[in-house]
Structures are given as C-alpha cells and as structure tokens.
Amino acid sequence: MAMSSLPPMEDLDDDDLVFGTDKDQDLLDVDVFNPVEYINKQFPNEASLKGLDDFVQKLKARKQQTDDEIRLAIRRQAATGRRARADLDEAKGAVRELFERIRTIKSKAQQSEELVKEVCAEIKELDLAKRNLTLTITTLKRLVMLVTALEQLRAAGRARNYEEASKLLYAVEELAGHFADLRHISRVQDLLEKKCAVLDDLKQQVLDDYRSLLSGGAEQADLPEDWTVGAAHYVDALGAKMRQEVVTRFCLGLLEEYKDIFQPPKEDSRLEMADRRFAWLDRMLLKFEERYSTIFPSSWKIPQALCEHFCHITRQHLVELLSTSHHSIDPELLVRTLRRSIDYENKLARKFPVEPAEEEEAAAASSGDFVFRFKGIISECFDAYLSTWVQHEERQLMEILDRSTASTSERLTKNYEEDQEDEEEEGAGLLYSSAPSIFSAMKVTMTKCTEFSTRGTLFDIFKVFQKVMVQYVDKLKNRLPDKLTAPMEQQATEAACCVIGTSEYCDETLPLLAEQLTNLISEEYQERITFGQEQDLLGALMRQANQVLVQSVNCSLDEAFGKMKRTNWESYSQDVGDHSIYVAEISEQLAKYFAPIAVSLSKIHYRFFCDQFVQFFVKRYIEEIYRCRKISEQGAQQLLLDTTLIKTTLLETPVVAGNGGKMQTAYSNYVLREMGRAEAMLKVLSSPDIADPAQVVAMLGEERSAAEIDRLLALRASSDVEPPLAHEDGALGASSIGSTMLNLGDSLNQKGLKASEDLRKNFMDMKKNVHKLGFGGVNLPSFGGRKTGGASSSGGP
C-alpha cells in the first residue's frame, strides 16, 4: 500500500480503534503482552468477528503512519548533524584566525618594548647619576653640619650653656643617625667616636656639677646662676638612663650621712634605733623640699627615689645585723621592728602613690619613668629570721598551757551553748577553764602574726598550734587514772567528766580555728591547714575518759556482786517475795555514782555513758549468774525477782540522776531486751520440767549453741556437771578487777568507736549557730559560742 494513500494519523478517530481505549492501551503497555488473550478480549464471540476486517485495516493504517513518522524523524536528525559539523568547522577556522592575530600583536608589542628600552636607556643612566649626586651632596652637607654641631656642642658645654647644649644634642643625635650605615668608612667612624667622646665628657661634667650641689663651696660658685634649668633639659635629652644615673648619684650622696650614722656595727644601727632611722628620712625629705625642690623637675621624682634607696640601704643594714645576732635579739623587739618597718613602708606607699602595674609598666617603657616600690623592701628581710620569734611564741604558749593546767590555777566551769533553744535537751557539762585560755592565747598569736606575715611564718605558727594541742591532750590524758581497783572519788569523777567536756570544746573549736587560718594564709598553704590528727586524738581521749567512768561505776558494784556470789543458791530455802541484799546495794551504788556524772556531763555525753555502762553491766551480770555455780529452783525464782528489780533500777536510775531527763528509746529497748535474756535463763532454771535442749531454745526465744545450753543446764542444783566459767581465776573481786577492766576497755573500744563517731556527727548537727564560735570577737573565752560561768569547784585533779 502506498504511503500517500494512507490517511494521516490525526484524521483517525480514536473511537474508531477498538484498541484505542484506555483499557486497551493498558493491556498493550503491560510488561508481558499476551496477543492471544488480547484478541480474545477484542472478539469474545462470533458475532464480534463482523468488525474484524475494519479492525485489521485500521491497525495497518496506524502502523504505516507510525513508520512514516519514524523515517521523517531519522531524516531530520541526519540533516541536523550535517549542519552541526559545518558550524563546528566554521568555529575552528575563526579560532585559528584569532590566534594568528594575537601572535601578530604580541610580536609588534615586543618590537615596541625594545624600541622604548633603547630610547630610555640613556635617560635612566642620567637619572641614576642625578640621584647619586644629590645623595652625595646631602651627605656632605650633613657631615659638615655634624662637625659644626659637635664643635658648638663642645663650646656650649664648656660654657655651661646647657639649654643650648640640649638643643644641639638633639641635632647631633639626629645627624649621627644618618651615618649609622657608613661606619665602615674610617673618616665617618672617627667622627662618630669623636661624638661619643664629647658626649661622655659632657655627661661627666653634668654629674660633677650636680655633685657640687651637695659639696657647695668654690665648685658651685663657678657655675652660672640658672644652670640647673638648662642642665635638667640637657639630662632629659640624654635619655632615661642618664636621668636615672643623675638621680641615683644625687640620692646616694644625700644618704652618705645616713650610712655614716647607722652602718653596723655602730651604736645607732641596733634594732632599738629603728625609729631614729625613719625620723632621719623624714628630716631629709623636709631638707630636700627646702633646698632642692626648685632645682630638680618634679617629673624626676627625686623624693620617691630617695625613699627607695633609703629602704634598700636599710635592708642591707638589717640583713647584716640580723645575720650575726638574730639568735641573741629579743623576739618581741624583732617583731616590733618588723611591724614598724611595715607601717613606714605603707606610709611611703600612701605618700607616693603609683599607678596600677600595667599602666606603670607601659608608661615606663614609653617615657622612661621608673616604678617605685616601697612595700616589702625592708620587711621582707625579716622573713628568714622569724623562726626565732616563732620559737619564742611556742615557748609562750607552752608556758600559758602549763600555768593554766596547773593544779593551783585550773578551774572547772560550766560549758553553755549560746542561743540554746532546748537546754533541757542538750544540757551543760563541765570543762576546764584552761581550754578557753589556750584558744584565746592562740588567737592573739595568730592575730599578731597576720599583722606582718601571711605566708611561711603563719604556717609555722599553725604547726606550733598543732604541738600545743597535742601537748594539751597529753595533759588531759594524765588526769585520767591508768588502772582502777576501786571507784573514783567525786573530784576524780568530775575530772574525768571535765576531760570529756574539754575535749568536746576543743574538737568543736579547732575546725573554726583552721577556717580562720585558711582565710588569712596565702593560697599555697591553704590545703595544708587541718587539725585532723589532733581531732582524732581528742576523740580517742573522750572515749578513754568515758571508759574510766564506766570502770569506776563497775568497781563500785564489786562488793554487791561478791555478796551475790557468796549466797548459797544451791540450798536457798527462803520465801520468794522480797529482793536480795545485793540488789539494794546495786541500786544504792548506781544512784550514788550516777548523780555526779549526770551533773558534770552534757546530756548527750551522759546518755552515751549510760549506753556504754549498761552494755558492760548486762554482760557482767549474766557472767555473775554463772559464777553462782549451782542454783536451786527456789534460788532461781529469787534471782528472777532480783533481775526484774535490777532491770527497773537500770531504767530509773539514769532518769533520776539526770533530774528527770528522759533517756532515749534505744537505751530502754536495750535494757529490756538484754535483761530479758537473763530472766529467760532464770526461768529455765526455775522450771525443772524443762530439760530438753529444744524446749530450752524455745523458752529462751533465740538460737543458742549446744555448749551454751549445756552450760545453762549445768547450773541446776540437780545437775552433777560443774558449769564452765569464762574466768577460772577466781571471783570478780578486788584481786581480779584489773583484768576485768581491761576486757571492758577492749569491749568499749570496739563497740563504742562507731557510736562515738555517730555521737559527734549528731551533736554537731544540733549546733544551730556554730558560726558564732569565737573568732569574730576580741575576747576568745566566748570562743566556740560558749559562756563560761563561775567555778563549780576549785582545784584541778
């Protein structure tokens, strides 16, 4: 079929093509096209085959049109490619032509440059010759000017015309600067050396003229009347170094008289004459103001320089004096001189204030001014010799410690809390009056030291405080008996209570003293300020004193427990209805010895004492039951009644002795629980039907070993077995009390350590206003927030 006979695609109606619907297009566009399935969908039955021919014709026409469009697109693409190649060839030709033109222009430019060089070569040579000639002429003129200026400067100097000389000096220095690069020329080098010689001569002449101000006489008479004004300008022109030399020589000349008077080992060089040294400087400053203030410019700061040189010379004198005799000098005189030196340094610093360091350094670098420092020049030389004063203060504190702890001067005072909200809860205990006295003396020493040193010397004083506290702990420890074979008298009991109260006072005050020292001392020493070891010693001392009190009360019970042991419990036949004699003695002794302890200790330490005492008492009471050897049923019933009464005594005695102060619940619970163990043991002994270990365990209410059960059952009178004893060396009387007390000490050390630490922590938490303790005031007896009342008893232990 010819292409031209085919109808255009746009003339075909999509509705005329069965496959032209969207549905059919979807079927034709699927990835896997199934023609059979597609034809079946187009012609599902025979009736639909009527349109088969039309469908085929339309399909062929569409195919032919698609082929024609493809061929047309191919022809167009081929024609476009040919045109693109032609355009590319044309562009390449244009680029080649452009390169040719550039090469031509570059060649012409090079030719032009060579032509210009040839034309300007002679002009450059002429210009260089002109510059060299001009420079030579200028140099020769400057050389002539320099020679002339030097001669004029020499003449002006000889005539003491310093005003003119200062102007010529600026000119000479400026002209000489132009020849710095020509020193390799011998004539120039000779000229520059001549300049230096002229300036050196004039410098020496100026120095001699200023020295004549001090000597006077004919030398000063030969000088012009107003030479000082010009000389000052000339010195300023010479620079800061020359000005410093003039000032230094003049000040040292003024200080010659001072060195003649106070140079060691002359009489006036002694430390006692320090005030005369400072008075001499005051007079010299007035003399300078009257005679020389109009001669020197104020910018030279002659008074400041004079004072600084005075301080340095004084420092040299003092170092020479102290290095040879500091061991023999009175330490108090040494400190007085040091404090006087610091005061005078501060006076000079106030009289001649300086700018801040940064601004002063910048000003010194730019203008040649000097930064004058007065503080520390004299006083710092004492630091190496203050160990003598530290040793002196240590001796003084030790003497105060010895005097205040002497038996003839020691007093017992009440230890009160300031702003105490609940006095009934805390109470007030006894302490030695030596404690506030010692801390007061240490505060005075610390304050005295901070007036002149907050560095190594103050740290040495801190170490002295540590030694004092260790010594004080030893003295307090010596007030406690080493061994007890009998109960202590009331005075000894008060002494042990005072040791506890004093140790507590020191333990609370030392951290405040350390804080005060930390705030005052230099930063490099702050981390080393601590009284930790001393506080540990005080804590151990409090525990030891508490053990002594417990031992004393227990010694008072030896006779009562002896009567208990000597009672024949195996054949006891009395009616059970009244307590035994030893029970009354125990109650009497506890009331007798608890009363002074309750009065002398603070409430919290009294409770701690009661806790420690009842722990040992219960242990000893149970052991005393075993020491009864054999106990009948009726004897066990009597002991059971006695135990109940003793339990009541243990609950009531601390309350009565403490004037009705309530005991802690933990104390009551412990007494009820531990004394209940003793009651359970006696109930077992009073019940003959209970013989099986399982029944004993059930009655005791707790797990017991077989050995303990056998030991308990061996106490029955009907048993043939002798009960084993914890101590086979005899009864707990006077002969065995030593070993018993040692066991008590070990027990309390082990069981009481943690309780003591908890006690300290709880007690410190109850100090509501502990920051008011002491160091904020002048008098240290109120140190630690305390009021020391009148003496409750005189005479130390």
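The values are calculated or read from the model by the stated rules, or taken from the named source; none is laboratory data. These numbers were taken from a predicted model, which means no experiment stands behind them. Reconstructed Cβ throughout: ideal geometry from the backbone, glycine too, with neighbour counts over all protein chains shown. Each accessible area value is taken on the protein alone, full model and side chains, heavy atoms only, with ligands, DNA and RNA left out. Shrake-Rupley method; radii C 1.70, N 1.55, O 1.52, S 1.80 Å.
Looking across region 67-96, the residues that are open to solvent by 60 Å² or more (accessible area, probe 1.4 Å) and either touching a Lys or Arg at 6+ places or on another chain (Cβ under 6 Å) or not charged (D, E, K, R) (or both) come down to Ile70, Leu72, Ile74, Gln77, Thr80, Leu88, Val95. Evaluate region 394-405: report whether one residue or more is under 30 Å from Arg270 (Cα atoms), open to solvent by 20 Å² or more (accessible area, probe 1.4 Å), in contact with a Ser or Thr (Cβ under 7 Å, 6 or more places away or on another chain) and modelled with pLDDT of 90 or more. No: zero hits.
Among the residues of region 536-555, those identified as open to solvent by 10 Å² or more (accessible area, probe 1.4 Å), out of contact with any Ser or Thr (no Cβ under 8 Å at 6 or more places or on another chain) and within 20 Å of Cys497 (Cβ to Cβ) are Leu537, Ala540, Gln544, Gln547, Gln551. Taking the numbered list (1) surrounded by 17 or more Cβ atoms within 10 Å (Cβ to Cβ); (2) of a type outside the set (D, E, K, R); (3) assigned to a loop (DSSP other than H, G, I, E, B) in turn, Pro265 passes all entries but (1).
If you filter region 143-174 down to residues that are open to solvent by less than 90 Å² (accessible area, probe 1.4 Å) and within 60 Å of the chain's Cα centre (by Cα), you find that the one that is nearest to Arg187 (Cα to Cα) is Glu173. Pairing residues of region 697-722 that are closer than 20 Å to Leu639 by Cα and small (Gly, Ala, Ser) with residues that are open to solvent by 70 Å² or more (accessible area, probe 1.4 Å) and at pLDDT below 65, at Cβ distances under 6 Å and at least 6 apart in sequence or on separate chains, gives Ala714/Val721. Just checking, which of Ala91, Ala47, Ala61 is modelled with pLDDT under 85, assigned to a helix (DSSP H, G or I) and hydrophobic (A, V, I, L, M, F, W, C)? None of the others qualify; the one that does is Ala47.
For region 327-348, the set of residues classified as of a type in the set (Ser, Thr, Tyr) and either open to solvent by 50 Å² or more (accessible area, probe 1.4 Å) or farther than 17 Å from Arg315 by Cα (or both) consists of Ser328 only. Being open to solvent by 40 Å² or more (accessible area, probe 1.4 Å), over 30 Å from Ala384 (Cα atoms) and in contact with a Lys or Arg (Cβ under 9 Å, 6 or more places away or on another chain) is a property that does not hold for Glu225.
Have a look at Asp201, Asp236, Asp181 and point out the one that is exposed (fewer than 11 other Cβ atoms within 10 Å of the Cβ) and under 30 Å from Arg142 (Cβ atoms). Exactly one residue qualifies, and that residue is Asp181. Going through (1) at pLDDT below 90; (2) under 22 Å from Leu322 (Cα atoms); (3) surrounded by 15 or more Cβ atoms within 10 Å (Cβ to Cβ) one by one, Glu417 falls short only on (2). Within the bounds of region 165-185, is there any residue that is in a helix (DSSP H, G or I) and among the aromatic types (Phe, Trp, Tyr)? The answer is yes, given that some residue of region 165-185 is in a helix (DSSP H, G or I) and among the aromatic types (Phe, Trp, Tyr). What do you reckon, is Met469 open to solvent by less than 20 Å² (accessible area, probe 1.4 Å) and closer than 30 Å to Val335 by Cα? Considered against the rule, which asks whether it is open to solvent by less than 20 Å² (accessible area, probe 1.4 Å) and closer than 30 Å to Val335 by Cα, Met469 comes out as yes. Inspect region 277-287 for any residue being free of Cβ contacts under 8 Å to residues at least 24 places away in the same chain, under 25 Å from Asp330 (Cα atoms) and surrounded by 14 or more Cβ atoms within 10 Å (Cβ to Cβ) and give the result as yes or no. Yes: region 277-287 contains one or more residues that are free of Cβ contacts under 8 Å to residues at least 24 places away in the same chain, under 25 Å from Asp330 (Cα atoms) and surrounded by 14 or more Cβ atoms within 10 Å (Cβ to Cβ).
You will find that of Leu476, Leu484, the residue that is in a helix (DSSP H, G or I), modelled with pLDDT under 95 and among the aliphatic types (A, V, I, L, M) is Leu476 and no other. Looking only at region 301-338, residues that are over 37 Å from the mean Cα position of the chain (by Cα), in a helix (DSSP H, G or I) and among the charged types (D, E, K, R) come to 1 in all. Going by what's in this entry, would Lys619 be described as part of a loop (DSSP other than H, G, I, E, B), surrounded by fewer than 21 Cβ atoms within 10 Å (Cβ to Cβ) and of a type in the set (Lys, Arg)? In short, no. Evaluation of Leu430 against the conditions (1) touching a strand residue (DSSP E or B) at 6+ places or on another chain (Cβ under 7 Å); (2) in a helix (DSSP H, G or I) shows that the sole unmet condition is (2).
Every test in (1) of a type in the set (Val, Ile, Thr); (2) exposed (fewer than 14 other Cβ atoms within 10 Å of the Cβ); (3) touching a helix residue (DSSP H, G or I) at 6+ places or on another chain (Cβ under 7 Å) is passed by Thr314 save one, and that test is (2). The residue that is least open to solvent (accessible area, probe 1.4 Å), counting only those in region 121-142 that are at pLDDT 85 or above and under 17 Å from Gly177 (Cβ atoms), is Thr138.
Could we say that Thr518 is in a helix (DSSP H, G or I), polar (S, T, N, Q) and within 13 Å of the chain's Cα centre (by Cα) here? Against the criterion (in a helix (DSSP H, G or I), polar (S, T, N, Q) and within 13 Å of the chain's Cα centre (by Cα)), Thr518 qualifies.
Return the residues of region 34-53 that are loosely packed, with under 12 Cβ neighbours inside 10 Å and among the charged types (D, E, K, R); say none if nothing qualifies. If the condition is that a residue be loosely packed, with under 12 Cβ neighbours inside 10 Å and among the charged types (D, E, K, R), then Glu37, Glu46, Lys50, Asp53 are the ones that fit. Within region 622-643, if we keep just the residues that are touching a Ser or Thr at 6+ places or on another chain (Cβ under 9 Å) and over 17 Å from Gly676 (Cβ atoms), the residue that is surrounded by the fewest Cβ atoms within 10 Å (Cβ to Cβ) turns out to be Glu633.
Per this entry, Ser186 is counted among residues that are open to solvent by 60 Å² or more (accessible area, probe 1.4 Å), polar (S, T, N, Q) and either out of contact with any helix residue (DSSP H, G or I) (no Cβ under 7 Å at 6 or more places or on another chain) or modelled with pLDDT of 85 or more (or both). Looking only at region 521-548, residues that are basic (Lys, Arg) and in a helix (DSSP H, G or I) come to 1 in all. For beta carbons closer than 7 Å, sequence separation of 6+ or different chains, a first residue in region 444-459 that is closer than 19 Å to Thr530 by Cβ and in a helix (DSSP H, G or I) and a second that is among the charged types (D, E, K, R) and open to solvent by less than 50 Å² (accessible area, probe 1.4 Å), the qualifying pairs are Thr445/Glu393. The set of residues in region 644-699 that are assigned to a loop (DSSP other than H, G, I, E, B) and either closer than 15 Å to Arg716 by Cα or open to solvent by 60 Å² or more (accessible area, probe 1.4 Å) (or both) comprises Asn659, Lys662, Gln664, Ser686, Ser687, Pro688, Asp689, Ile690, Ala691, Asp692.
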